[in-house]
Amino acid sequence: MLSKLSLAPNDDEERSGRTWGQRIWFRVPAWWALGPQGRTAAALLARLEKLTWDEVLTLRRSYDKAWPTDREDPAWYEAQDLAASADRVTLKNALIKHTETALARTARSHSKRVQGFSDEQKAVCFAATALAVEDLSPSLAHRLLGPLRLALGDVHTYPVPSWADSL
């Protein structure tokens, strides 16, 4: 749960001066912090937390299937530019960090490690970036979601976890 709050002076005063408290203006569901595609991003994070090791390996292989090494899709760079021009760099980076952390936690639960810049890490980072810009460019997001879709299906069909909607 997230809250919009502001500092407000309390009615009591101590020797050191006025004390301050918090005034909550309104509460919003947790998915709001995950951007315009917050529910889908929450579903992705929940799904990554439950991956089997075989699914992690499938993610690794799906990256090469989505983008064979003989050609590079410029989608990553286009998404970086789009996020910057739309003031979504902070959101994109936060979603990437969340997906990297979820993937690393899953690997640890299987007594494994995911290396930086590995294909499975790229696949989840591309998915996170796609969700940060999907409302701005659905076709770009579709390209970025390619490796994840090949390995784990359509992220838009994943169930949204209950924590995402709770107040």
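When the range 158-167 is examined, which residues are found to be in contact (Cβ under 8 Å) with a residue 12 or more places away in the chain, farther than 20 Å from Lys97 by Cα and assigned to a helix (DSSP H, G or I)?
Listed by number, the list holds a single entry, Asp165.
Go through the range 43-87 and give me each residue that's among the acidic types (Asp, Glu), closer than 16 Å to Leu150 by Cβ and either at pLDDT below 95 or open to solvent by less than 20 Å² (accessible area, probe 1.4 Å) (or both).
Those that are among the acidic types (Asp, Glu), closer than 16 Å to Leu150 by Cβ and either at pLDDT below 95 or open to solvent by less than 20 Å² (accessible area, probe 1.4 Å) (or both): Asp64, Asp73.
Just to check your reading of the model, which residue among Thr90, Thr40 is surrounded by fewer than 21 Cβ atoms within 10 Å (Cβ to Cβ), polar (S, T, N, Q), under 17 Å from the mean Cα position of the chain (by Cα) and assigned to a helix (DSSP H, G or I)?
Thr90 is the lone residue from the list that is surrounded by fewer than 21 Cβ atoms within 10 Å (Cβ to Cβ), polar (S, T, N, Q), under 17 Å from the mean Cα position of the chain (by Cα) and assigned to a helix (DSSP H, G or I).
Please enumerate the residues belonging to the range 107-117 that are in a helix (DSSP H, G or I) and either open to solvent by 100 Å² or more (accessible area, probe 1.4 Å) or closer than 16 Å to Pro147 by Cβ (or both).
Arg108, the sole residue that qualifies.
The values are calculated or read from the model by the stated rules, or taken from the named source; none is laboratory data. Here the structure is a predicted model, which is why all the values come from computation and not from measurement. In this analysis, Cβ positions are derived from the backbone assuming ideal geometry, glycine residues included, and neighbour counts consider all displayed protein chains. Note: areas computed on protein heavy atoms with side chains; ligands, DNA, RNA excluded. Shrake-Rupley method; radii C 1.70, N 1.55, O 1.52, S 1.80 Å.
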